[in-house]
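Here is the structure we will look at.
The values are calculated or read from the model by the stated rules, or taken from the named source; none is laboratory data. As the structure is a computational prediction, the values presented were derived from the model and not from experiment. Cβ placement follows ideal geometry from the backbone for every residue including glycine, while neighbour counts extend to all protein chains displayed.
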Amino acid sequence: MTKADLIDEVSRAVELGRKDSEIIVETILDSIVKALRSDDKIEIRGFGSFRTRQRNARIGRNPKTGEQVQVPAKKVPYFKPSKELKDLVNGTHRTEAAPAPTSG
């Protein structure tokens, strides 16, 4: 799914024009980026959480020449899916209304 597909999906779901839906999607994505830039954690219940992780400086290797290259320390975005999202993706999620299986 591309950003354009997501905008179209939002447009259909909330029955808004494409331009308004684009503003909604852009605002959400911009908010996530701003929070990550300021080292905040974003948690969306039932979906997952976004945060940054610090990577230490290291010595890498240029795969073309084999030459050693200094790779600086940096922050990288990280997404951790919720258990509910994992279950939904794997088709193992039960709704709260469904009774638990009984033994015997």
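For this structure, a couple of remarks:
- If you go through segment 52-87 and keep only what is in contact (Cβ under 8 Å) with a residue 12 or more places away in the chain and not in a strand (DSSP E or B), you end up with ASN56, ALA57, PRO72, ALA73, SER82, GLU84, LEU85.
- Selection status of LEU29, farther than 26 Å from LYS86 by Cα, of a type in the set (A, V, I, L, M) and either assigned to a helix (DSSP H, G or I) or outside the structural domain of LYS86 (by TED's automatic domain parsing) (or both): no
- Residues (surrounded by 11 or more Cβ atoms within 10 Å (Cβ to Cβ) and of a type in the set (Ser, Thr, Tyr)) located in segment 21-50: SER21, SER31, SER49
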